[in-house]
1. Considering only protein heavy atoms, what per residue accessible area in square angstrom results for region B:174-279 with a 1.4 angstrom probe?
2. How much length is gained on full extension from B:Ala254 to B:Glu138, taking 0.36 nm per residue of separation minus their Cα-Cα distance?
3. Under a crude label model (7 Å from the Cα following the beta-carbon direction), how far is A:Glu446 from A:Asp142 in nanometres?
4. Using a 10 Å cut-off around each Cβ of peptide A:556-565, what is the average number of partner chain Cβ atoms that fall inside?
5. If one computes the Cα centroid of region A:377-423 and of region A:329-376, what distance in Å separates the two points?
6. To the nearest whole number, what is the average tally of beta carbon atoms from other chains within 10 Å of the beta carbons of peptide B:263-269?
7. Nearest 10 degrees is fine. How inclined is helix B:260-279 to the longest principal axis of chain B, computing both from alpha carbons?
8. Compute the distance in nm between two label points, each set 7 Å from the Cα along the Cα-to-Cβ direction, one at A:Lys216 and one at A:Glu609.
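The values are calculated or read from the model by the stated rules, or taken from the named source; none is laboratory data. Please read all numbers here as calculations on a predicted model, not as lab measurements. Note that we place each Cβ from the backbone using ideal geometry, even for glycine, and neighbour counts take in every protein chain shown. For accessibility, only protein heavy atoms count, side chains too; no ligands or nucleic acids. Shrake-Rupley method; radii C 1.70, N 1.55, O 1.52, S 1.80 Å.
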Amino acid sequence: MSLFEHNNNKYKVIGKDIKRIDALEKVKGTALYAADLYMDGMLYGGNVRIKEYPAKVTKIDTSLAKAIPGVVEIITCFDSRAKKHSWADYCYMTDEVKFCGDVVAIIAAESKKVLDQAIKSIKVEYELQKGVYTVEDALKEDAPIIREKGVGLVDGLPSREKKGNIFIDSYYPVRKGDVVEGFKNCDVIIEREYNVPFIDQAYIETEACLVYCDPKDGSITGESSAQNPFFTRRYLAEASGNTMSESRLIQRTLGGSFGGKEEGVGVQIGRAAILHKATGRPIKMVNSREESLMDSSKRHPFNFKYKIGATKEGKVLALEATLIDNCGAYNNQTQFMNWRSSVHSAGVYEIPNVKTDTFGVFTNNVHGGAMRGYSSPQVIFAQEQLMNELAKELGMDNVELRRKNIIRQNSRTATNQLITEEVILEEMMDELLNRSNYYNKKNEYEEFNKNSKSFKKGISLVTCFRGAGLGAEGIDANGAFVQATEDGSVIISTGLAENGQGLQTAFAQIAAEPLGITIDKIHFHSVDTHAIADSGMTVASRGTTMGAQSMKKAAERLALIIKEHVAKKFCTTVDKIDCKDNYYYVVDENFPSNYSNEKKVAFKDICNERMWGGEQLAVYEWFKPELNDYNHHTGQGKAFPTYTYNVCIAEVEVDINIGSVNVTKVTSGLDCGTVINPNTVRGQMFGGIVMGLGYAITEEIELNKGRILNDNFDSYILPTSMDIPEMDLVLFESITKEGTFGAKSVGEPSTEAVGAAIAGAVSHALNKNVDHLPCSLESILKYMD
Amino acid sequence: MLNYFRPKTINECLDYICDDRVYIAGGTDLLVEMKNGHDLSKNTVIDLTHIPELSGVKRENDEIEIMACTTHDNVVLNKDINQCLRALSSACRSVGSPQIRNMGTIGGSVGTASPASDPMPALMLADGRVVLINKKGETREEGLEDFIVKPGVTTLKNDEMILSIKVKSLKEYKQSFFKIGRRKALAIARLNFAMAILKNDDETIKDIKIVIGAALPVTKRFYDIEKMLVGKKLTEDLIEQVSKEISEQVLAIAGPRKSSEYKIPVIKNVVNSMLKEMEV
């Protein structure tokens, strides 16, 4: 059995319910968020936008605003000091407004009140242009071209031979076997279409930064709500014109990010840097909720077209699909995200013939970007609904169809990657079926539905997997620094960032384990780009599984140094030394679990000795994984070093009179590889379920010609505590040689299957194919027509 | 310059009333409007939160008077309202969140004249009348249906303020309130319904009241249908007919809008099921 057990004695600190080391200041309210920062002489920075798009700005009249006392600086897109394009596609400022977030001028003022007044006093003249807002319209032959770099379709596929609105860098084909032959041998073939909307990460803290010149060394310094401090530094350096070494980014406590505080905080800090350069004064910028919704990236909407075929026994032989996402007007994410979509486009199933094409399309909307799951919540929804439809067509049980096709050890994925590791997916399915009483409930609900006119009940199981870390999307390298001090306390730092996911605690556990010290001895120094090397982004649920590898290496090397010291002291060899609870001791072979009182020494005493003896007490390590052999033209090869497997069962009650969906229970099972901190995993899973519930039932960015209609949380509907269902979580462990201490990803897998499971349960309740999200009041009523 | 007054009595309050007055009671609407750019700098703000006599519920026989600054939460907790107008207790319990129910007032929710007000259907169910007082201390009463002209507009004059809402006890009636929102709390009503029924010994209808909110610019009570039902038994056919008739009436008034696609069939479904539940 691979169920996680609490009293596993394999580790000293790993796998234990260690209290979060950053919890206290958050609970007490003393944690400093970027918006909490103030400085003498500080100015408030803000943005001027127009309300219709796309448009060509012809004139900006700043005279009224300039006359307001307290307005210090106004830089329009026509100003020679204006920096327009950023390195990452998005604009700091522009006279060619392509979407609602584009900024035409920036202002610095003595107070927030004056700033707001000044923004309103700017008169912008512009010529409105013809816009394109949907994927369908953007792909039409006569559609206006939104971006110079856009390409067109030739024979239904993106091609550089023609102009159009396709973002060619985001095109990823997968070609495995021969689908034409595959479909010939199928007894049943179905085709289905699915689509999903833009949704927002909806973090509590909106984007904020403070940019100033560090009087100590002249570095331009940004303190920011950045998910990826090194990426944000890139914008800071570019906009200020400073070198990277003279641009410093300090990450402040984050009030949520989920992939959202990447490009948005980048362009924000760039604008602040431009104002800082012009005024020489500290600039603070804080987005309002409305600005945050306009300017920050969203989860990509997708249009899915799927065709799947199987034998009458239920063996899937072929799958063909087109996955097209709406990129918005600018984009620096779809080209990475779509690779992940393509790898997972055939689900967690072994299918001999797969042909899928995934690409993004430019429109005059807000851009799609990263949001917890990075395309998986969308793809799994479509893919799993497709499997339910196939089961229906075959007259087969949904779960049995999955059982016949799931990836097991020695299976080959859609990218033809041979899975050599242990796969516990079937065991997980059985455990969850059993725990949730799935089959009894399924029968009970179907019986109930026969007699009930107003209420319908449903239950559904979803299976999926997720490549852990960046895989062949990038290089999963990272660095960490571990320094012990003379009193036995230890400072750890890493290029990866705490974004609320519990990274500090997990990394502290990973450092404490080899060092044999207790967690209270560790201080986690959060990211300051002047203090640690760029370790890439904290994304893709890579923090613990891949990003902590260097931390483990560094802690192990320091532990070895200490052990050598102790071995010398007791005239023995390193292999005889072990450590635990802040002591290093000589292992007594007769009593391996105990340590003798005579032959032990406190970690702090060794540290003290070494410090005054001029011996090394700090270690910096770098980790670079083996490169994956992957062909991006065929979509074939080793995509990821390891995969997290996931099973989710949702139960719903639908009031068909009014169209409301009540999610009554979610049972979620996750293959964590090794559980580092069970409480943190559960926290991720609870939050992931609620986030998935919002995606399934209520959340949708409503757009009218690119304008966001629901730009605050009164109309953008997130679930509240009243909407949260009963949740049953099951943690599994499996054997993998990849991942820090064998840990797999948790953050994104926790949410990615939930929307699909709820949609599946609604489909079961209504006996309809739910083909889009969210399952809003209106859409449920339409299914019943 | 903004003028701000915080009177302690109604009489003192009347002194401050002037043409540019703005009242603040719970602030659950005003503060949102201010955030959205409503500039109060040329207004006189009269803060009603410190006038004890403007809050509370009085009952005299079959008449209940809810003072304007009674919060939703205090309505929910009030015994007289629980006994005599349970539909209003439910309605006030469905408003926003605990924070909003602790701040928002019944007078404010009437004065704002939102078509999606949750208490409104229950107040109209009980023949609600608004009591207004002017600067001179003169009072007048007006039925809620007349007081509310259209969304955000009432007959309140510049020199007036809302004193209270008077409702009739429906103690003998079977009552219900039902709200449709996009989530279970902090939801603006997509539609809301209030009904009350009183039967004769022979199971025929002695009196019935049907109100629907958020369907039309002003919450609507269906007097003609109510009248038609008196003396009849609520058979399945009749329920079917009534729910159809009500949804058609709403469609006729509202016209074919985008939201009608959802609202019209749902009105029919909900009226149908509420009437059936009341019949049980």
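1. That works out to 45 Å² for each residue.
2. Details: separation 116, 0.36 × 116 = 41.76 nm, distance 3.71 nm.
Difference between extended and current length: 38.1 nm.
3. 5.2 nm
4. On the way: counts 0, 0, 0, 0, 0, 0, 0, 0, 0, 0.
If you average over the peptide's residues, the count of other-chain Cβ atoms is 0.
5. If you average the Cα positions of each part, the centres end up 19 Å apart.
6. Values: counts 3, 0, 6, 6, 1, 1, 9.
Mean number of neighbouring Cβ atoms from other chains: 4.
7. 70 degrees
8. Reported label-point gap for A:Lys216 and A:Glu609 is 3.4 nm.
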